[in-house]
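Undergrad: Sending over a structure as structure tokens; questions will come in a sec.
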Amino acid sequence: MVNGIKDFEFQNDCVEFLINKTSDMSSKQIITIKAPTGAGKTVILIKYIDEYLKNTDGHTAFVWLCPGKGNLEEQSKDSMDALTPQRDTRNLIYSMLSGFEAGSITFINWELVTKKGNTALKDSERSNLFEKIAEAHKDGVRFIVIIDEEHLNNTKKADDVISAFAAKNVIRVSATANKVPYQEFYEIPEEEVINAGLITRAIYVNEGVDESREIQNDYEYLLDLADEKRKEVTEAYKLMGVNIRPLVLIQFPMAQSETIKAVEEKLAGMGYTYDNGMVNIWMSDEKIVGDDLINLDGSAVFLLMKQAISTGWDCPRAKILVKLREGGSEDFQIQTIGRIRRMPERKHYGINTLDYCYIYTLDTQYKMGLLSSLDKAYQVRRLFLKDEAKGFTLTKELRNLDFDGLGERETLIKVYDYFKDKYCLGSDKRINRENLETRGYNFSHEIDSKILQGVFRTTEDLAGSGAKNQIRIKTTVNTHSHGIYLLHSVDEIKKVTGMQAQKVKNILRRMFSKGKKTKYKLVELDNSDFYAFVINNAKQLKMDFKNVTAQMGGEQMSFILEPKTASFTIPEMEVYKYSEVKKRMLFRLNAYKEYTNEFCTDKTRSLPERLFERYCESNEKVEWFYKNGDTGQQYLSVVYTDALLKQWLFYPDYVVHLKDGTDWIIETKGGEVSGHSKNIDMQIGNKFNAFKQYAEKYKLHWGFVRDAQEELFINNTEYVDDMSDDSWIPLEEMF
């Protein structure tokens, strides 16, 4: 035990694992601990550091990196001071003044070293940080770096700081880690944390939501249910003789001011306000929080929050989470549940009302959230350009911002013609509606949603929940409160077309909403039915608009665009992803030094890319080849236009320089398997034509390369998808 803290076997097992791995010189540098929220990871790490410093040579300094949201570095430091007061704990400023000394534990807020703006370190201070690290190395100090909630800070600046410490071991702790081959890995089972009484026995989602009832207002409906549950939990605590006031968290994904105002008005109508202390708010730009918020008997019963405090904040009395939607279909990030999962007295009470936590949300998808790229099956490494590829130049194209695609009327005509042809639509609007319904379009008067309902023991159970746990609900359209839902749906279409949101909305209204203008009208819907139509059919509308842009027409072929141009040179330093291989082999002909087969695996390259790189490596005609980046101003880009004459950039995959001085620019695409195309790029035809014009203009050799039966074929004449066509010829016939 450390200063009277109760020992749990699963925590001690994790401490022992960390001691063994960090004491073993042959262990892998990165040690990943997957610990569910509520497992007591702070206590585990404090116990580990204390044990390590007691039993080793004393030349090690610890650096504990915490996410900046929620002042977690201060909480963690305070916890260590309370549990092991004999230890030398510091903040970053102290260590930058006195140096990183052996036996010290420095708690650092990530945002101090990674964030731009006033709270970040100035350049001079940043330099001083690296100098202090270098001085510690000279003095023989070894570092062990602990990265808490590491998935929040996967940036180049963060990586630079971690690299500077040149740590003997890096211990990464997260609730959402994956096991990967180049790391030591330890997982604390969620079941063990539940059985220890530290977190709730189950998660109840949408208790009391009645699928037979039409919802008039999302916010009011969910808040009424949450408040009813809060009162029930309060009474249950009283019956147990426990003085705990349960807290309801209200989460706003985007925290739009009108949404917050609507919720504040609803709560005020229920008797809960900032003035009477029963409502608190914690946003990036507004914080009204009582001094007793995290106390078990704190005054506030509702806390308005953003995703910002979904990690790095501990309030064990938080029991109920209301996640509001501010768009049509959003994802529920499962890590957020950790905020309501802790048992306030670190024990179960034996009754479900107190041993469960509760979520109320109309979200349809449940996801484990964004994982760091370091959690995936690859790492990154810097490579440097070979001398023979330096000085190589090409002309790259950039968008000409003086031209912004077809006008609204021309775009409307194209979209209208597409819908008429695909869905067999004509002048009879009743038949048009029937045809659209037959092909999957929903003409409900209400907003239709499928939501989750049920009891789930673990977050894994929740993430894996299927259709059997879903119920269908209907929400009455309110053109005021659902205006943002409509905008969200329009934005989804905007993303795939590049059109302005207002242009998308106008076209949808001309085609599907009642109005004075009847030309191009397919269906005439009342305003509220139009809202429901767009919101309910956002995914299908998005796909249809995307298909419109992918069309290849004579108008586009004859259109002459003069894109902007700039000079492209191969970057002298590149960061490439790589993954471990059993036998490391150098690719001698890659443009970068030390490029190996580690960079050419199924984790980092598509099959046609892997086949092409190996083809180049074994080709006697090739002097060097270069893998271009996927996006960014430093890479080779070509402008293409879609069917709406909207400009886009695409980035050819490879530059190949042959020994005879010939240069080839190659784009790889999914090929065929068993006669079926693997290509998923809807714009492949438009890109092909633009690439052809680019190559002819700059007198370059070029081609689209695809695979069939692990052989490569090239086409640089006319694009056809069928690889049995004569336009696809074996690559070796070209070079």
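Undergrad: Can you name the number of the only condition in (1) of a type in the set (A, V, I, L, M, F, W, C); (2) open to solvent by less than 10 Å² (accessible area, probe 1.4 Å); (3) within 24 Å of Asn590 (Cβ to Cβ); (4) not in a strand (DSSP E or B) that Val656 fails?
TA: Among (1) of a type in the set (A, V, I, L, M, F, W, C); (2) open to solvent by less than 10 Å² (accessible area, probe 1.4 Å); (3) within 24 Å of Asn590 (Cβ to Cβ); (4) not in a strand (DSSP E or B), Val656 violates only (4).
Undergrad: What about Lys266, is it farther than 24 Å from Tyr485 by Cα and of a type in the set (D, E, K, R)?
TA: Against the criterion (farther than 24 Å from Tyr485 by Cα and of a type in the set (D, E, K, R)), Lys266 does not qualify.
Undergrad: To continue, here is another question. Give me the residue from the stretch 233-272 that is within 19 Å of Ala318 (Cβ to Cβ) and hydroxyl-bearing (Ser, Thr, Tyr) and, out of that set, nearest to the chain's Cα centre (by Cα).
TA: Tyr272
Undergrad: Run Gly466 past the list (1) more than 22 Å from Arg510 (Cβ to Cβ); (2) at pLDDT 90 or above; (3) small (Gly, Ala, Ser); (4) loosely packed, with under 13 Cβ neighbours inside 10 Å and report the number of the one that doesn't hold.
TA: All conditions are met except number (2).
Undergrad: Quick one: which residue in Phe443, Phe456 is modelled with pLDDT of 90 or more and within 29 Å of the chain's Cα centre (by Cα)? First the steps, then the outcome.
TA: Details: Phe443 fails: within 29 Å of the chain's Cα centre (by Cα).
Phe456 is the lone residue from the list that is modelled with pLDDT of 90 or more and within 29 Å of the chain's Cα centre (by Cα).
Undergrad: Next question, about the same structure. For the stretch 240-254, give me each residue that is in a loop (DSSP other than H, G, I, E, B), of a type in the set (A, V, I, L, M, F, W, C) and out of contact with any Phe, Trp or Tyr (no Cβ under 9 Å at 6 or more places or on another chain). Walk me through how you get there before you give the answer.
TA: Within the stretch 240-254, the first condition is being in a loop (DSSP other than H, G, I, E, B), and the residues that meet it are 240-246, 253-254.
Now narrow it down to the ones that are of a type in the set (A, V, I, L, M, F, W, C): 240, 242, 244, 254.
If the condition is that a residue be in a loop (DSSP other than H, G, I, E, B), of a type in the set (A, V, I, L, M, F, W, C) and out of contact with any Phe, Trp or Tyr (no Cβ under 9 Å at 6 or more places or on another chain), then Met254 is the only one that fits.
Quick grid of which residues meet (1) open to solvent by 30 Å² or more (accessible area, probe 1.4 Å); (2) out of contact with any strand residue (DSSP E or B) (no Cβ under 7 Å at 6 or more places or on another chain); (3) in contact (Cβ under 8 Å) with a residue 40 or more places away in the chain; (4) closer than 30 Å to Ala177 by Cβ:
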residue: Arg430; (1), (2), (3), (4): yes, yes, no, no
residue: Arg439; (1), (2), (3), (4): yes, yes, no, no
residue: Asp448; (1), (2), (3), (4): yes, no, yes, no
residue: Phe456; (1), (2), (3), (4): no, no, yes, yes
residue: Gln500; (1), (2), (3), (4): yes, yes, no, no
residue: Arg510; (1), (2), (3), (4): yes, yes, yes, no
residue: Thr518; (1), (2), (3), (4): yes, yes, no, no
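Undergrad: Is it the case that some residue within the stretch 683-703 is surrounded by fewer than 19 Cβ atoms within 10 Å (Cβ to Cβ) and assigned to a strand (DSSP E or B)?
TA: yes
Undergrad: Suppose the filter is more than 31 Å from the chain's Cα centre (by Cα), surrounded by fewer than 18 Cβ atoms within 10 Å (Cβ to Cβ) and more than 26 Å from Asp725 (Cα to Cα); does Gly629 pass it? Let's see the steps before the verdict.
TA: Working: more than 31 Å from the chain's Cα centre (by Cα): no; surrounded by fewer than 18 Cβ atoms within 10 Å (Cβ to Cβ): yes; more than 26 Å from Asp725 (Cα to Cα): yes.
Judged against the criteria, Gly629 is not a match.
Undergrad: How many residues does the stretch 86-127 contain that are of a type in the set (S, T, N, Q) and at pLDDT below 80?
TA: Within the stretch 86-127, the subset of a type in the set (S, T, N, Q) is 86, 89, 91, 95, 98, 104, 106, 109, 114, 118-119, 124, 127.
Filter again for at pLDDT below 80, leaving 114, 118-119, 124, 127.
Residues that pass the stated criteria total 5.
Undergrad: For the stretch 632-651, which residues satisfy the criterion of being surrounded by 20 or more Cβ atoms within 10 Å (Cβ to Cβ) and over 30 Å from Glu408 (Cα atoms)?
TA: Hit for the stretch 632-651 is Leu636, nothing else.
Undergrad: Can you tell me how many residues in the stretch 241-297 are open to solvent by 40 Å² or more (accessible area, probe 1.4 Å) and in contact with a Pro (Cβ under 6 Å, 6 or more places away or on another chain)?
TA: Result for the stretch 241-297: 1.
Undergrad: If you go through the stretch 221-234, how many residues are in contact with a helix residue (DSSP H, G or I) (Cβ under 7 Å, 6 or more places away or on another chain) and either under 16 Å from Ser449 (Cβ atoms) or buried (at least 19 other Cβ atoms within 10 Å of the Cβ) (or both)? Quick ask: steps written out before the conclusion?
TA: To start, the set of residues in the stretch 221-234 that are in contact with a helix residue (DSSP H, G or I) (Cβ under 7 Å, 6 or more places away or on another chain) comprises 223, 232-233.
Cutting the leftovers down to either under 16 Å from Ser449 (Cβ atoms) or buried (at least 19 other Cβ atoms within 10 Å of the Cβ) (or both) gives us 223, 233.
Within the stretch 221-234, residues that are in contact with a helix residue (DSSP H, G or I) (Cβ under 7 Å, 6 or more places away or on another chain) and either under 16 Å from Ser449 (Cβ atoms) or buried (at least 19 other Cβ atoms within 10 Å of the Cβ) (or both) number 2.
Undergrad: Identify the residue in the stretch 268-299 that is closer than 27 Å to Asp355 by Cα and in contact with a helix residue (DSSP H, G or I) (Cβ under 7 Å, 6 or more places away or on another chain) and, among all such residues, is modelled with the lowest pLDDT.
TA: By that ranking, first place goes to Trp282.
Undergrad: Only one of Phe302, Phe252 is of a type in the set (Phe, Trp, Tyr), touching a Lys or Arg at 6+ places or on another chain (Cβ under 7 Å) and either modelled with pLDDT of 90 or more or within 27 Å of Leu72 (Cβ to Cβ) (or both). Can you tell me which? Quick ask: steps written out before the conclusion?
TA: Values: Phe302 fails: touching a Lys or Arg at 6+ places or on another chain (Cβ under 7 Å).
Residue meeting the stated conditions: Phe252.
Undergrad: Could you please find all residues in the stretch 614-626 being open to solvent by less than 20 Å² (accessible area, probe 1.4 Å) and without any contact (Cβ under 8 Å) to a residue 40 or more places away in the chain?
TA: Answer for the stretch 614-626, where residues must be open to solvent by less than 20 Å² (accessible area, probe 1.4 Å) and without any contact (Cβ under 8 Å) to a residue 40 or more places away in the chain: just Phe625.
Undergrad: I would also like to ask the following. Could you run through the stretch 162-189 and say how many residues are open to solvent by less than 30 Å² (accessible area, probe 1.4 Å) and farther than 22 Å from Cys66 by Cα?
TA: Matching residues across the stretch 162-189 total 2.
Undergrad: Any idea which residue in the stretch 76-85 is modelled with the lowest pLDDT, counting only those that are surrounded by fewer than 17 Cβ atoms within 10 Å (Cβ to Cβ) and closer than 13 Å to Thr106 by Cα?
TA: Selected residue: Asp78.
Undergrad: Something else about it: I want to confirm something. Restricting to the stretch 333-357 and keeping residues that are hydroxyl-bearing (Ser, Thr, Tyr) and touching a Ser or Thr at 6+ places or on another chain (Cβ under 9 Å), which single residue is most open to solvent (accessible area, probe 1.4 Å)? Working first, answer last.
TA: To start, the set of residues in the stretch 333-357 that are hydroxyl-bearing (Ser, Thr, Tyr) comprises 336, 349, 353, 356.
Right, trim to touching a Ser or Thr at 6+ places or on another chain (Cβ under 9 Å) and you get 336, 356.
Working: Thr336: 3, Tyr356: 36 Å².
It comes out as Tyr356.
Undergrad: Can you name the condition, by its number, that Asp721 falls short on among (1) without any contact (Cβ under 8 Å) to a residue 24 or more places away in the chain; (2) more than 31 Å from the chain's Cα centre (by Cα); (3) open to solvent by 30 Å² or more (accessible area, probe 1.4 Å)?
TA: (1)
Undergrad: Right, something else. Looking for something within 27 Å of Gly38 (Cβ to Cβ) and either at pLDDT below 95 or in a loop (DSSP other than H, G, I, E, B) (or both) - is there at least one such residue anywhere in the stretch 255-266? First the steps, then the outcome.
TA: Initially, the stretch 255-266 is screened for residues within 27 Å of Gly38 (Cβ to Cβ), giving 255.
So of that shortlist, the ones also either at pLDDT below 95 or in a loop (DSSP other than H, G, I, E, B) (or both) come out as 255.
Among the residues of the stretch 255-266, at least one is within 27 Å of Gly38 (Cβ to Cβ) and either at pLDDT below 95 or in a loop (DSSP other than H, G, I, E, B) (or both), which makes the answer yes.
Undergrad: Considering each residue of the stretch 24-58, count those that are within 18 Å of Arg172 (Cβ to Cβ) and polar (S, T, N, Q), and give that number. Reasoning before the result, please.
TA: Within the stretch 24-58, the subset within 18 Å of Arg172 (Cβ to Cβ) is 24, 27-37, 39-49, 52.
Pick out the ones that are also polar (S, T, N, Q) and you get 27, 29, 32, 37, 42.
Final tally of qualifying residues: 5.
Undergrad: If Tyr237 satisfies all but one of (1) open to solvent by less than 40 Å² (accessible area, probe 1.4 Å); (2) more than 22 Å from Lys323 (Cβ to Cβ); (3) outside any helix (DSSP H, G or I), what's the number of the condition it fails?
TA: (3)
Undergrad: With buried (at least 18 other Cβ atoms within 10 Å of the Cβ), in contact (Cβ under 8 Å) with a residue 60 or more places away in the chain and aliphatic (A, V, I, L, M) as the only criterion, which of Leu589, Leu607, Leu611 stands out?
TA: Working: Leu589 fails: in contact (Cβ under 8 Å) with a residue 60 or more places away in the chain; Leu607 fails: buried (at least 18 other Cβ atoms within 10 Å of the Cβ).
Being buried (at least 18 other Cβ atoms within 10 Å of the Cβ), in contact (Cβ under 8 Å) with a residue 60 or more places away in the chain and aliphatic (A, V, I, L, M) holds for just one of Leu589, Leu607, Leu611, which is Leu611.
The values are calculated or read from the model by the stated rules, or taken from the named source; none is laboratory data. None of the values given here were measured: they were computed from a predicted structure. Ideal geometry is used to build each Cβ from the backbone, glycine not excepted, and the neighbour counts take in all protein chains shown. Keep in mind that these areas ignore ligands, DNA and RNA; they rest on the heavy atoms of the full protein, side chains included. Shrake-Rupley method; radii C 1.70, N 1.55, O 1.52, S 1.80 Å.
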